[in-house]
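Report on the following structure.
The values are calculated or read from the model by the stated rules, or taken from the named source; none is laboratory data. Since this is a predicted model, take the numbers as computed values, not measurements. Cβ coordinates were reconstructed from backbone atoms using ideal geometry, including for glycine residues, and neighbour counts include every protein chain displayed. Note: accessible area is taken over every heavy atom of the protein model, side chains too, but ligands, DNA and RNA are not part of it. Shrake-Rupley method; radii C 1.70, N 1.55, O 1.52, S 1.80 Å.
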Amino acid sequence: MFEKAIIFATNAHSGQKRKGTNIPFMIHPLEVASIVAGITPDEEMMCAAVLHDVIEDCRDVTGEDIRREFGDKVADYVLMESEDKSKSWIERKSHTINFLKHRAKRPAKVIALGDKLANVRSLARDYKLLGDELWQRFNMKDKNMQGWYYKSMIECFEEFSEFHEYNEYCYLVEQVFKDTIDVDPEEYTETGGR
């Protein structure tokens, strides 16, 4: 089933690149699946990890497509990880934080940790090369707001403190966002800043 998920995701993400790079997008879901595999041997969670962005980022892929191909559990995990792109960046990120803090079960948190760790690894690597120019490749260009999001995830993932993946996440967030100031997303307007 995992090999089938890789093929499905590869086809869905065909031609996509990581934001602001020439790196094939599929590198990211494969890394997320690798991180998840380090925490759990659960094949359905690994499948969901490799598929976690297909609904959100690929035209013509729905939750029902995932359900039909991979079953209810995988589809539910992918849907939990998918953001509603019709909402603003702050609305999406606030929803994700709230969900992970208050409602998410362990499988959803494992997949989210894999996703966020893969992202912050990429940020840390690119930040060393580009400095603050890095933030220009994202929709949310304010480093303080990015810092708010990634720092907020630390509390969401506290139950994984015995795993080196959690500790790596915390370390990299500190490295990338150590010079950010704390912001209140409710006081932020996406057009004019704070």
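Structural remarks
- Filter result (part of a helix (DSSP H, G or I), under 23 Å from residue 40 (Cβ atoms) and of a type in the set (Asp, Glu)) within segment 110-166: 115, 155, 158, 159, 165
- Condition check for residue 44: in a loop (DSSP other than H, G, I, E, B), touching a Lys or Arg at 6+ places or on another chain (Cβ under 6 Å) and crowded, with 16+ Cβ neighbours inside 10 Å: no
- Residue among 23, 6, 111, 97 that is aliphatic (A, V, I, L, M), open to solvent by 20 Å² or more (accessible area, probe 1.4 Å) and closer than 27 Å to residue 134 by Cβ: 23
- Tally of residues being outside any helix (DSSP H, G or I) and open to solvent by less than 50 Å² (accessible area, probe 1.4 Å) across segment 27-41: 1
- Test: residue in segment 156-167 that is in contact with a Leu (Cβ under 9 Å, 6 or more places away or on another chain) and over 13 Å from residue 113 (Cα atoms): no
- Options 81, 69, 56; residue that is of a type outside the set (Val, Ile, Thr), in contact with a helix residue (DSSP H, G or I) (Cβ under 7 Å, 6 or more places away or on another chain) and either modelled with pLDDT under 95 or within 30 Å of residue 183 (Cα to Cα) (or both): 81
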